[in-house]
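What follows is a set of notes on a single structure, which appears directly below.
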Amino acid sequence: MQANNPEKPIFPESEEAAKFVTGISGWVDRDGRFWGADEKMARYSGSTHRHCDCGEVVEQRSYCRACSRRKDIEKYKNAQKIEWDHKTPLYSQDHDKYLFDKDDLFDLMCETQVTDPDELELFICEPNELSQINSEYWNDDLPEDGELPDSVEEALAVFNKALVDAGTVSWHPGKFAAIVDLEAKHD
Ligand SMILES: [Zn+2]
């Protein structure tokens with residue numbers, strides 16, 4: 001039998017394209033995908049909503065507002081805290097806001113009438129850099145074990161260096177919570 005021969009074209013009307021089966025049993029999700037004995041995955045795959053930990057109905061892969069807030073508070077509480085250098089941007093988890101300097105921090109404290117910066121649930125940000133391109137990007141175009149032309153390799157090296165040299169382009173909240181000493185001098 002040649003069924004697995006990748007050279008041979010299979011048309012919808014071909015005998016091999018699909019078959020009617022009898023005598024197999026298992027879980028099939030809403031889209032008709034067969035999951036065998038895995039009832040849990042079949043049910044998950046075929047669902048659009050779920051019950052949140054608290055029982056509220058939410059979309060698949062999410063939590064209700066209250067539970068996601070509770071998880072955020074927990075995350076801040078359990079995060080390791082390190083002193084803020086007054087230079088690296090901060091992220092206020094409670095207000096979903098990036099603070100790029102001390103003035104931004106004072107503004108938010110004013111706005112939210114908070115006297116203790118800890119109430120803003122501040123995380124120290126980490127930088128995002130532009131990802132470099134490696135030659136695997138062209139794997140589908142090149143023959144197997146094929147290599148890029150030298151001219152392209154050289155241009156790629158120059159281009160990747162430019163990406164590195166561009167440095168930080170944006171920020172994301174890091175894993176460390178911030179200890180903010182507003183009196184401290186950092187130069
Ligand atoms: Zn919930």
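Looking at this model, which pairs from LYS77/LYS97; LYS81/LYS161; LYS102/LYS175; LYS75/LYS97; LYS81/LYS102 are more than 27 angstrom apart at the alpha-carbon?
LYS81/LYS161
Each label point is 7 Å from the Cα along the Cα-to-Cβ direction; what then is the distance between the points at SER68 and THR22, in nm?
Here the answer is 5.0 nm between the modelled labels.
Ranking request for peptides 171-184, 32-45, 12-25: highest mean number of other beta-carbon atoms within 10 Å first, then the rest in descending order.
By packing density, highest mean first, the sequence is 171-184, 32-45, 12-25.
Calculate log10 I(q)/I(0) of region 1-47 for q = 0.21, 0.22, 0.23 Å⁻¹, where I(q) comes from the Debye formula with a single equal point scatterer on each Cα and nothing for solvent.
Values returned for q = 0.21, 0.22, 0.23 Å⁻¹ are -0.80, -0.81, -0.82.
Around ASP72, what is the net charge, scoring Lys/Arg as +1 and Asp/Glu as -1 over all other residues with Cβ under 11 Å from its Cβ?
Numbers: positive: ARG65, ARG69, ARG70, LYS71, LYS75, LYS77; negative: GLU74, ASP94, ASP96, GLU121.
Computed value for this residue: +2.
Take the alpha carbon atoms of region 137-180, find their center, do the same for region 89-108, and report the distance between the two centers in whole angstrom.
Between the Cα centres of region 137-180 and region 89-108 lies a distance of 30 Å.
What is region 109-181 by shape, rounded, prolate or oblate, if you read a ≥ b ≥ c off the alpha carbon gyration tensor as root eigenvalues and call it rounded for a/c under 1.5, prolate for a/b larger than b/c, and oblate otherwise?
Judged from the Cα gyration tensor, region 109-181 comes out prolate (a/c at least 1.5, a/b above b/c).
Once you order the gyration tensor axes a ≥ b ≥ c over the Cα atoms, which shape class does the chain get: rounded for a/c under 1.5, otherwise prolate or oblate by comparing a/b with b/c?
On the way: a/c = 4.42, a/b = 1.46, b/c = 3.03.
It comes out oblate by the Cα gyration axes.
We did not get these values from a lab; they are worked out from the coordinates using the rules stated. If you're wondering where the values come from, they're calculated on a predicted model, not measured in any experiment. Ideal geometry is used to build each Cβ from the backbone, glycine not excepted, and the neighbour counts take in all protein chains shown.
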